[in-house]
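A quick write-up on the structure given underneath.
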Amino acid sequence: MVSGTGGLALRATAALDPGRAGLILVPGASGRVGEPGDVPGEDDNLRRGSWQQDAPIPVLLGRTLTTELPALLKAAMDHPQITVCAVVRRVVVLAMAGLLEGRHATTHHLGLDLLDATGAHAVHARVVDDGRPRHRRRRHLGTDLGLYLLEREVGPRIAHAVEELFAHERRGTVWRDHGPVPAGL
């Protein structure tokens with residue numbers, strides 16, 4: 001399935017098994033910012049079910065909600081030994097499916113209001129770890145999330161080596177819902 005910018009293709013090698021311990025990463029959505037109908041003839045193609053690389057992101061997110069993915073992700077999120085992560089706009093899919101209500105999460109800055117409107121607590125951060133006991137989920141914007149998970153799973157020395165390999169330095173702090181609340185901000 002073509003699923004990324006520039007025609008990047010991802011191929012599933014197994015079905016999602018929400019009963020198996022581990023890590024589930026929901027990749028981000030690649031599409032154009034805008035509303036359906038912004039491109040002449042687009043509505044006809046969308047009604048016929050034609051998939052377009054440049055379909056509006058709200059259309060792509062809506063399509064995801066019509067699949068079995070939300071139910072599988074709910075089952076995975078209920079499993080105490082599964083970490084569910086989502087990148088950028090796919091966090092909004094989890095929220096629109098009702099899976100983040102009352103939880104802290106982040107997404108692309110253009111989706112923070114929508115995330116908040118679903119009942120999730122939108123946080124302006126690069127990585128959010130909601131830290132619920134037995135249920136750990138991380139959400140973020142791309143590379144920093146991958147490096148955070150790598151550090152968590154195999155340690156900071158490996159994560160640092162990968163940072164150097166990619167010539168990428170992580171930015172920001174991983175947001176967690178604990179510690180004193182800042183006063184007067």
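The values are calculated or read from the model by the stated rules, or taken from the named source; none is laboratory data. Since the model is a prediction, treat every value here as computed from it, not as a measurement. A quick note on method: Cβ atoms are made from the backbone with ideal geometry, for glycine too, and the neighbour counts reach across all protein chains shown. Accessible surface areas use protein heavy atoms only, side chains included; no ligands, DNA or RNA. Shrake-Rupley method; radii C 1.70, N 1.55, O 1.52, S 1.80 Å.
Scanning region 154-184 for residues that are under 21 Å from Val128 (Cβ atoms), assigned to a loop (DSSP other than H, G, I, E, B) and modelled with pLDDT of 85 or more yields His168, Glu169, Arg170, Asp177, Pro180.
In summary, Ala75 fulfils each of the numbered conditions (1) surrounded by fewer than 17 Cβ atoms within 10 Å (Cβ to Cβ); (2) over 15 Å from Gly28 (Cβ atoms); (3) in contact with a strand residue (DSSP E or B) (Cβ under 8 Å, 6 or more places away or on another chain) with the single exception of condition (3).
Within region 142-185, the set of residues being without any contact (Cβ under 8 Å) to a residue 60 or more places away in the chain, over 19 Å from Gly22 (Cα atoms), among the acidic types (Asp, Glu) and open to solvent by less than 100 Å² (accessible area, probe 1.4 Å) comprises Asp144, Glu163. Being surrounded by 11 or more Cβ atoms within 10 Å (Cβ to Cβ) and either modelled with pLDDT under 85 or not basic (Lys, Arg) (or both) is not true of Leu10.
Under the condition of being farther than 23 Å from Thr143 by Cα, among the hydrophobic types (A, V, I, L, M, F, W, C) and surrounded by fewer than 17 Cβ atoms within 10 Å (Cβ to Cβ), the residues counted in region 98-132 number 1.
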